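What follows is one structure encoded as structure tokens, with my remarks underneath.
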Amino acid sequence: MSETLSNGHLDSLLRGQSRLPSSARGWLDALRADALEQANALSVPTTRDEEWRYTDLSPLYQKSFLPAPSAGTVAAQALDACLLPEAGCRLVFVDGHYAPRLSSACADPALGVTSFSDALAGQDPTLQANLARHAPLGADTFVAVNTAWLQDGVQVRVHAGRTAAAPIQVLCLSTRPDVVAYPRLLVVAEADSGCTLVEDYVALHGGEYLTNAVTEVALADGARVRHVRVQRESTSGFHIGTCGVRIGRGAHYLSSAVALGARISRFNLNIVQAAEGAESTLDGLALIGGRQLADMHSLLDHRYAHGRSRQLFKSVVDDEAHAVFNGKIFVHHGAQRTDSSQQSRSLLLSPRARVDSKPQLEIFADDVKCAHGAAVGQLEAEQVFYLKSRGLDEAGARNLLTFAFAAEIVHRIPLPSLAAQLERIVLQQTQKQTSDRNRP
Amino acid sequence: MTTKTILEVRDLSASINGVPILKGMDMTINAGEVHAIMGPNGSGKSTFAKVLAGHPAYEVTGGSVLLRGQDLFAMPAEERARAGVFLGFQYPIEVPGVTNSAFLRLAYNTVQGARGRDELDPLEFDDFVQEKLALLEMDPAFLDRSVNEGFSGGEKKRNEILQMAVLEPMLAILDEVDSGLDIDALRIVASGVNRLRTADNAILLVTHYQRLLDHIVPDYVHVMDGGRVLRTGSKDLALELESRGYDWVAKEKAGVAA
Ligand SMILES: Nc1ncnc2c1ncn2[C@@H]1O[C@H](COP(=O)(O)OP(=O)(O)OP(=O)(O)O)[C@@H](O)[C@H]1O
Ligand SMILES: [Mg+2]
């Protein structure tokens with residue numbers, strides 16, 4: 001990977017930046033200008049960067065993608081196929097553009113859903129108080145580029161003391177190749193509020209493109225947010241996502257992140273437990289084959305006492321695919337009585353499949369419980385025999401065990417229709433895997 | 001009346017990792033019979049059971065086994081199960097993430113399909129399995145749990161017999177089904193097994209204790225040691241073993257051979 005190539009990619013991403021729409025408020029222009037400066041100062045990551053050791057983006061850097069000037073058209077049928085019946089309110093992004101006409105009006109009195117442009121026009125200070133605060137520009141080139149390119153996004157407020165009656169579906173559709181999309185979402189859950197949010201990335205074509213998504217979630221004291229993220233991009237696509245979360249006193253953030261698609265995907269889940277008694281429960285599942293690479297980086301920052309965190313990341317890796325999991329946990333000096341656990345488990349279905357799993361614990365408090373473990377393995381021969389002794393054939397036994405491994409994560413997803421869809425995908429994938437294996 | 005032979009084992013030898021364990025087993029089991037295998041620890045009882053069920057770790061190095069006249073070793077493990085061989089494991093395996101009910105139904109329908117019989121849909125199967133649960137006085141809550149996961153030793157054994165009840169095998173090989181069962185559970189499981197007996201099936205019990213044989217009365221008792229059957233007798237042989245131990249069997253065998 002040469003410097004010139006990667007910087008060439010960055011140049012191409014930043015090209016045309018002057019076409020940024022000017023906003024109603026100066027602060028947003030200033031933020032974007034900052035982000036642009038930051039992006040120019042940084043270079044794109046290579047495998048020489050510790051944070052990107054296992055994830056080689058050079059196939060991405062060989063492409064040059066441009067933002068779509070406008071949202072592509074989406075057939076009603078294609079859209080319907082992506083909708084979750086449980087969702088009360090849906091927000092649709094097409095090729096990175098928020099598409100209010102494809103989105104549904106949100107009647108739930110617990111929720112205030114506004115596009116950034118409408119929020120800027122009104123008097124609501126929420127956007128300015130939160131945007132780029134939970135996913136700071138920091139040293140992350142992709143967050144900086146997303147922010148520099150920020151056009152219209154969506155802000156979801158969950159009003160204090162209220163709980164959304166139904167899940168909110170955020171659907172990010174890619175309709176055409178050679179495009180880079182920058183979806184941006186801000187969720188502010190006010191004190192003692194609650195909601196379930198589903199972020200779903202879907203491609204309506206099989207071409208090459210890049211999704212560079214940033215989501216920020218702020219949980220005020222006592223809030224509870226369930227966040228499901230399903231990345232099912234085209235297997236030729238690239239996906240880089242960051243979710244920055246801030247958890248207030250006694251608030252609880254629950255996340256399920258599922259990676260099925262993309263040739264190369266990276267998801268950064270950065271969580272700050274910013275007050276006493278904050279809690280997070282994080283599930284992850286990567287189900288990949290072919291030559292896919294799925295990288296999940298979590299960062300849990302325990303800053304105050306009595307925090308809890310639970311992480312369980314699983315991957316099912318077939319063919320020559322490669323799964324990466326990196327779980328960093330900080331426990332600050334004052335974060336006594338932190339109770340934190342992190343488990344990663346991987347199932348390798350082919351001799352050429354690969355997993356790199358790395359826990360990184362930095363603990364500066366003395367009265368804490370931190371458990372972590374990583375296991376990589378094949379299916380248990382004794383389990384396979386047990387199932388065969390009950391009449392299941394080799395393929396059926398292996399499918400069932402693989403399915404069960406992944407289903408643990410899928411079954412905890414609180415939307416039955418989505419869980420059922422994912423269950424079918426897991427089944428198809430496991431069946432495909434056996435039919436491949438049995439091919440001479 | 002012609003007796004139907006279910007299993008015919010002739011001079012069977014088998015090894016694991018190149019170590020010979022079975023060294024010339026012989027046994028004939030007819031329909032309607034109950035056979036018991038007893039013998040000291042390490043004598044090869046579980047090995048024999050697992051070789052019959054088709055465990056891949058064992059290599060058959062000699063002899064033959066016919067199941068209803070068919071070469072058993074020509075069939076992979078799942079075909080043996082479909083043909084009616086059932087192994088109740090000495091140490092049942094945990095399968096996290098697979099519910100007992102889903103597993104039982106999948107196994108039942110697979111085996112039924114292979115036997116040319118109708119499969120049951122989830123509702124029909126539920127009625128069917130409730131009957132079997134009642135037979136073993138099992139709490140229906142076990143259906144919703146993952147197969148054997150976190151089950152106590154006795155619960156695992158009872159769950160094995162539930163699977164047997166569902167699969168209705170022609171030859172049930174029950175490896176130490178009594179170990180881990182409390183006194184009441186032993187009685188319940190044994191009476192469940194007895195109720196599953198017909199004139200067309202057979203049971204091979206592996207056990208160390210007479211108390212199981214008080215409930216499930218064997219027609220034949222075989223004493224195994226060193227990978228072979230040293231002696232075969234009636235149910236009285238088990239009583240004799242209970243009072244005299246195993247030593248005399250080997251000595252008598254040596255005496256006869258000398
Ligand atoms: N992988 C192995 N390598 C060598 N020897 C083995 C291996 N596995 C099992 N054995 C041996 O095979 C012998 C027979 O074991 P098996 O489990 O069949 O005994 P068993 O009669 O069922 O005993 P128990 O009454 O304790 O259940 C034992 O001596 C055991 O140590
Ligand atoms: Mg044994």
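The values are calculated or read from the model by the stated rules, or taken from the named source; none is laboratory data. Predicted model only: the values in this text are computed from it and were never measured. Note that we place each Cβ from the backbone using ideal geometry, even for glycine, and neighbour counts take in every protein chain shown. When the accessible area is computed, the model is the full protein with side chains, heavy atoms only, and any ligands, DNA or RNA have been set aside. Shrake-Rupley method; radii C 1.70, N 1.55, O 1.52, S 1.80 Å.
For the range A:33-116, relative contact order (Cα pairs under 8 Å, six or more residues apart, normalised by length) works out to 17 percent. Of the residues making up the range B:88-106, those losing 20 Å² or more of accessible area when the isolated chain is joined by the remaining protein chains, with a 1.4 Å probe, are B:F89, B:I93, B:V95, B:P96, B:G97, B:V98, B:F103, B:L106.
Look at where the Cα atoms of the range A:381-424 and of the range A:252-290 average out, and the two centres are 22 Å apart. Between the Cα long axis of helix B:235-244 and the first principal axis of chain B there is an angle of about 70°, rounded to the nearest 10. Overall, the range B:5-254 carries a charge dipole of about 740 debye about its Cα centre when +1 sits on the Cβ of Lys and Arg and -1 on the Cβ of Asp and Glu, all other atoms neutral. Chain B against chain A buries an accessible area of about 1800 Å², both chains summed, 1.4 Å probe radius.
Calculated on the alpha-carbon coordinates, the convex hull of the range B:3-106 measures out at 130 cubic angstrom per residue.
The range B:6-36 and the range A:22-79 have Cα centres separated by 69 Å. The calculated P(r) of chain B, using every Cα pair and 10 Å bins from 0, goes 7, 30, 36, 21, 5, 1, 0 in percent.
Expressed to the nearest 5 percent, the antiparallel share of DSSP beta bridges inside the range B:5-254 is 60 percent. Computed about the Cα centre, the dipole magnitude for chain A is approximately 540 debye when only Lys and Arg (+1) and Asp and Glu (-1) carry charge, each at its Cβ.
Just the number, please: carbon plus sulfur as a percent of the accessible area of the range A:3-275, 1.4 Å probe, no ligands or DNA/RNA counted. Don't skip to the end; give the middle numbers.
Details: 4830 of 9850 Å².
That share works out to 49 percent.
Temperature 10 °C, viscosity 1.306 mPa s: under these conditions the Stokes-Einstein estimate for chain A, based on its Kirkwood radius over C-alpha pairs, is 71 µm² per second. The H on the amide N of A:G289, modeled in the peptide plane, is under 5 Å from the matching H of A:D318, each at least 5 residues off or on a different chain.
Scanning chain A for cysteines with no neighbouring cysteine C-beta under 4.7 angstrom from their C-beta gives A:C82, A:C172, A:C195, A:C243, A:C370. Rounded to the nearest 500, the helix-only mean residue ellipticity at 222 nm of the protein assembly as shown stands at -9000 deg cm²/dmol, with each DSSP H run of n ≥ 4 adding -39,500 (n - 2.57).
Counting pairs of alpha carbon atoms under 8 Å apart in space and at least six apart in sequence, what relative contact order in percent does chain A give? Intermediate results must be reported in sequence, preceding the final value.
Working: 1128 pairs, mean separation 41.9, N = 440.
It rounds to 10 percent for chain A.
Counting DSSP beta bridges with both partners in chain A, what percentage is antiparallel, nearest 5? If we restrict to bridges inside chain A, about 5 percent are antiparallel. Solvent-accessible area assigned to carbon and sulfur over chain B amounts to 49 percent, based on a 1.4 Å probe.
Taking the Cα atoms of the range A:379-440, the ratio Rg/Rh between the radius of gyration and the Kirkwood radius comes to 1.03.
Bin width 5 Å, origin at 0, all Cα-Cα pairs of the range A:305-439: what percent of pairs per bin? Per 5 Å bin, starting at zero, the Cα-Cα P(r) for the range A:305-439 comes out as 2, 9, 16, 16, 17, 14, 10, 7, 5, 3, 1, 0 percent.
Membrane-span-like helices in chain A, defined here as complete DSSP H runs extending at least 30 Å along the helix axis by their C-alpha atoms with mean Kyte-Doolittle hydropathy no lower than 1.0, are absent; this is a sequence and geometry rule, not a statement about a membrane. Computed over the range A:379-440, relative contact order equals 32 percent, with contacts defined as Cα pairs under 8 Å that lie 6+ residues apart.
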